[in-house]
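First the structure, in the form of C-alpha cells, and then the observations on it.
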Amino acid sequence: MSRKLLVCLIVSGVLSGVSTASNAGIEAYVQGATATPVWKNSFGECWHTGTWTKEAATVEGCDGYVKPVPAAVVPAPAPMPEPAKTEPPPPPPQPVVYTLKADVLFDFDKSVLKPEGKKTLDSFYDEIKAADPQNGFARVTGYADRIGTEQYNLKLSQERAKTVADYLVDKGKQEEKIKIEGLGESNPVTGGTCDKVRPRKALIDCLAPDRRVEIEVQGKK
C-alpha cells in the first residue's frame, strides 16, 4: 500500500467520526459526532471546515475569539419626589384703632374715670376681647388739648392712658400685652380751627376732639 493511500485512509477514518455543526455560528468548525466542543488538533487549534471565513470566527476559544460578557444593566435611578408645596403663612391682620372721647371718660382736667366712662369701657372691652391679641399687643395712647402748659398736658395724657389700661387689666386683659403712652397736646385733631374761639368755655368745647384716648389693637383676626 502506498504512503499516500495510507494517509488518505487515516484522514478518512478520522473524518468519518466527526461532523460539521449545523448550529448557526459554528458551522465553520468541525465537531465530533458526540462531543460538544469543536474538534481541535494537537496544537489546540480548532479545525476549520471548507466554509470557514474570518468573519465566521465567532466560536469561543477558537481563533482567539472570546465571548463578550454582557454589560451589567444598571437600573435607572428612581425619580426624586417633588418637594411638598407649602403655603406661605397669611399676613398678620392690620391693627384696629378705636378712638374714645376723653370727655365721655373723664371730667375736664381729670384722670379719674366717670361712671359713664366705666360703662363705655365695659362695652368696649368686648370688642378688644374678640380681637384677642395673640403675638400682638394693645396700645393705649392719651391726648390732651392745648389749654395749659405742654408739660402739664403731657402728664395728664399719660395719667389718662394709664387709667384706661388699668381698667382693662382689671377686666381680664394681660398687663404685659398692653402698652401705655401719653402724647400730650401733640397731633391735635382740630388743627387751627379753634385759634380765634373765645371765651374759655367755648374754647374748651371747640378743642374737645383733641382730648381723646386711642386704643390700638393688633389681634389674630
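Sort 72-83, 103-114 by the packing proxy (mean of other Cβ within 10 Å over each peptide's residues), most packed first.
103-114, 72-83
Treat the count of other C-beta atoms within 10 Å as a stand-in for reagent exposure and order 168, 183 from fewest to most.
On the way: 168 21, 183 16.
Listed from fewest to most nearby Cβ atoms, that is 183, 168.
Which of 42, 186 has the fewest other C-beta atoms within 10 Å, and how do the rest follow up to the most?
42, 186
Below 19 Å, Cα to Cα, which aspartates and glutamates can residue 201 reach? Residues fewer than 8 away in the same chain don't count.
103, 107, 109, 145, 185, 210
What FRET efficiency would be calculated for the residue pair residue 114, residue 202, taking the C-beta separation as r and a Förster radius of 35 Å, to the nearest 0.05?
Plugging the Cβ-Cβ distance into 1/(1 + (r/R0)^6) gives 0.95.
Are there GluC sites (Glu not before Pro) in the stretch 28-99 that DSSP marks as loop and that have at most 14 other Cβ atoms within 10 Å, and which are they? Could you put the intermediate results ahead of the total?
Details: sites: 45, 55, 60; in loops: 45, 60.
Sites meeting the loop and neighbour criteria: 45, 60.
Would you list 160, 146, 200 from fewest to most Cβ contacts within 10 Å? Can you show the working numbers first?
Details: 160 29, 146 17, 200 9.
In order of increasing Cβ crowding within 10 Å: 200, 146, 160.
If amide H atoms are built 1.01 Å from N in the plane of the peptide, which residues on other chains or at least 5 residues away come under 5 Å of the amide H of residue 137?
For residue 137, whose amide H was placed from the backbone, the distant partners under 5 Å are 218.
Could you name the aspartates and glutamates whose alpha carbon sits less than 14 Å from that of residue 54, not counting residues in the same chain fewer than 8 places away?
Counting by Cα, and skipping residues close in sequence, residue 54 has these aspartates and glutamates nearby: 27, 63.
What is the total of Lys pairs in the stretch 64-131 with C-alpha atoms under 21 Å apart, excluding same-chain pairs fewer than 8 positions apart?
The result is 9.
Assuming 0.36 nm per residue, please report the length gained on full extension of the stretch residue 54 to residue 186 beyond their Cα-Cα distance.
Contour length minus Cα-Cα distance gives 36.7 nm.
Loop-only check: which GluC sites (Glu not before Pro) in the stretch 100-185 are DSSP coil with at most 16 other Cβ within 10 angstrom?
Within the stretch 100-185, no GluC sites (Glu not before Pro) qualify (loop, at most 16 other Cβ atoms within 10 Å).
May I ask you to derive the FRET efficiency for residue 40 and residue 73 from their Cβ-Cβ distance with R0 = 25 Å, giving the value to the nearest 0.05?
0.10
Throughout, read-outs are computed from the coordinates displayed, never taken from laboratory work. Every value quoted in this text rests on a predicted model; they were computed, and no experiment measured them. Quick reminder, even Gly has a Cβ in these numbers, built from the backbone with ideal geometry, and neighbours come from all protein chains shown.
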